[in-house]
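Read the structure below first, then the notes.
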Amino acid sequence: MPHTSPPKTYRVKSFGCQMNVYDGERMAESLAARGIAPAAEGEDADLVVLNTCHIREKAAEKVYSDIGRLVKAGDAAGKKPLIAVAGCVAQAEGEEIMARAPAVSMVVGPQAYHRLPEMLDKAVAGERATDTDMPPIAKFDALPARRRTGATAFLTIQEGCDKFCTYCVVPYTRGAEISRPFKDLIAEAQKLIEAGAREITLLGQNVNAWTGEDDKGRAIGMDGLVRALAALPDLQRIRYTTSHPNDVTDGMIAMHGEVDKLMPYLHLPVQSGNDRVLKAMNRSHTVESYLRVLERFREARPDIALSGDFIVGFPGESEAEFADTLKLVDEVRYAQAFSFKYSPRPGTPAATMEGQIAKEVMEDRLARLQDALNRDQLAFNAASVGKSCTVLVERKGKHPGQWLGKSPWLQSVWFEGDVGIGDLVHVELVEAGPNSLAGKVLEHVAG
Ligand code: SAH
Ligand code: SF4
Ligand code: F3S
């Protein structure tokens with residue numbers, strides 16, 4: 001590839017989970033630290049980072065079609081952009097991408113993206129480079145300090161997964177479970193708060209598997225970290241995601257009854273309401289043990305909003321086994337949930353299991369499950385009408401004077417008022433829809 005001039009502008013496009021978004025922000029910061037500016041909305045960037053996700057189907061296809069589009073736009077403008085493929089597809093299919101897409105000059109995995117600036121120097125010199133090494137922690141030490149954020153910010157505290165659910169690529173794309181050190185997390189949280197964050201969401205593939213040592217050298221779990229963060233002035237709210245049922249501790253349940261800044265919301269994926277299916281998925285929890293855990297959270301924090309993830313059509317799932325998932329949903333009454341058709345992922349044990357389910361059957365099951373989940377979400381929102389709660393202002397709405405923020409239960413709330421981004425206001429919830437509520441400002445709490 002010929003020598004190109006160094007890029008002046010960049011764009012990072014993130015396609016995956018919240019951690020993928022966090023990684024995208026960190027890549028953007030490392031490019032900005034090199035003096036490269038974010039491309040303006042609607043303008044072509046000199047460098048495009050496709051930050052991919054591999055969790056379900058069509059991820060790779062999407063990357064190739066995006067690359068195709070960028071090449072076409074580049075040809076039309078007479079200026080080819082430098083293209084980097086990052087994220088979990090890069091980790092899983094890096095070599096194939098390099099072979100199939102000559103327009104790509106950098107492939108960088110989720111544990112190696114701190115090396116993006118060096119790779120960029122090579123790319124400018126006309127060299128293509130792939131880095132899918134997995135050195136734990138190294139990237140966090142090598143990235144520049146955090147400087148930019150909105151009212152809400154993500155903070156990765158734990159990464160990787162040792163659970164090996166039989167359908168899932170994450171243990172292969174993110175590597176083994178690691179916890180970032182306590183002092184690094186407090187320092188990053190402080191930087192985010194200085195930059196304007198009022199809410200921090202702690203992230204991990206199994207966030208509640210986090211362990212560390214506090215500043216006095218005592219062994220602590222995620223609850224100890226949450227309590228330490230809650231002591232930071234100017235931080236108003238703490239959330240965390242995603243938890244695994246098997247990593248729930250007594251301390252984690254107790255913190256929901258005791259830490260005011262911790263929001264009453266729990267995302268605890270279950271995947272299926274049938275024990276045979278759970279076993280085939282290698283989830284290592286049962287329906288009963290999962291329900292017992294939820295009950296204990298509800299005892300500690302009666303208004304806690306519950307959320308989950310579901311997969312329909314796992315190989316061998318019978319109609320009766322699927323009906324058990326509907327039964328579980330009826331019992332729990334989730335405030336919000338995510339549900340997916342099973343997608344065979346290359347290299348995972350479930351992909352070659354017998355009894356793969358037909359597409360139409362999966363679609364029918366997904367539609368029935370989503371009907372039930374939507375019903376419960378609307379009911380949860382409707383039951384919130386008349387309540388007053390705090391809302392953290394995140395952004396302006398479409399109309400003048402209109403704002404959008406989140407309730408403690410992660411509902412989107414629209415309201416009018418004389419406020420600013422990052423303010424915490426007391427709002428009465430006056431009207432509910434399936435995906436958001438309307439609120440009326442009662443008073444300013446902070447900001
Ligand atoms: N670590 C988290 C979830 C990470 S992936 C946990 O175990 O709870 C996010 C969600 O994607 C999963 O909870 C699951 O519902 C879904 N998912 C993962 N692999 C999938 C696959 N092969 N097909 C369909 N959905 C999948
Ligand atoms: Fe995937 Fe299971 Fe690990 Fe979650 S716990 S990331 S679903 S392997
Ligand atoms: Fe996707 Fe990787 Fe996240 S596969 S869901 S971006 S961990």
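If you go through the stretch 327-380 and keep only what is polar (S, T, N, Q), more than 30 Å from L410 (Cα to Cα) and in contact (Cβ under 8 Å) with a residue 40 or more places away in the chain, you end up with T348, Q356. Across the stretch 383-408, the number of residues qualifying as buried (at least 23 other Cβ atoms within 10 Å of the Cβ) and part of a loop (DSSP other than H, G, I, E, B) comes to 1. Limited to the stretch 282-315, what total is found for residues that are surrounded by fewer than 19 Cβ atoms within 10 Å (Cβ to Cβ), over 24 Å from the mean Cα position of the chain (by Cα), part of a loop (DSSP other than H, G, I, E, B) and within 16 Å of ligand 2 (Cβ to nearest atom)? So the answer is 1.
Please enumerate the residues belonging to the stretch 352-405 that are in contact with a Phe, Trp or Tyr (Cβ under 8 Å, 6 or more places away or on another chain), over 30 Å from E443 (Cα atoms) and of a type in the set (A, V, I, L, M). Result: I357, M362, L366, L369, L373.
Of the candidates F310, F322, the single residue that is over 27 Å from R239 (Cα atoms) and among the aromatic types (F, W, Y) is F322. Just a yes or no: is a residue in the stretch 325-343 more than 30 Å from S407 (Cα to Cα) and either within 16 Å of ligand 3 (Cβ to nearest atom) or not assigned by TED's automatic domain parsing to the domain that holds T242 (or both)? Within the stretch 325-343 (the criterion being more than 30 Å from S407 (Cα to Cα) and either within 16 Å of ligand 3 (Cβ to nearest atom) or not assigned by TED's automatic domain parsing to the domain that holds T242 (or both)), the answer is yes, since at least one residue qualifies.
Close contacts from the stretch 173-194, counting a first residue that is farther than 28 Å from G422 by Cβ and a second that is surrounded by fewer than 20 Cβ atoms within 10 Å (Cβ to Cβ), with Cβ to Cβ under 6 Å and a gap of 6+ residues or different chains, come to G175/M134; A176/D162; E177/D162; I178/P136; S179/T211. Of the residues L229, L266, L225, L278, which is farther than 15 Å from A189 by Cβ, aliphatic (A, V, I, L, M) and in a helix (DSSP H, G or I)? Going through L229, L266, L225, L278 in turn, just one is farther than 15 Å from A189 by Cβ, aliphatic (A, V, I, L, M) and in a helix (DSSP H, G or I): L278. Considering the stretch 245-263 alone, what residues qualify as being surrounded by 21 or more Cβ atoms within 10 Å (Cβ to Cβ) and either within 16 Å of ligand 3 (Cβ to nearest atom) or in contact (Cβ under 8 Å) with a residue 60 or more places away in the chain (or both)? Once the filter is applied, which keeps residues that are surrounded by 21 or more Cβ atoms within 10 Å (Cβ to Cβ) and either within 16 Å of ligand 3 (Cβ to nearest atom) or in contact (Cβ under 8 Å) with a residue 60 or more places away in the chain (or both), the stretch 245-263 yields only M263.
The values are calculated or read from the model by the stated rules, or taken from the named source; none is laboratory data. On a predicted model such as this, the values are computed, not experimentally measured, just so you know. Note that we place each Cβ from the backbone using ideal geometry, even for glycine, and neighbour counts take in every protein chain shown.
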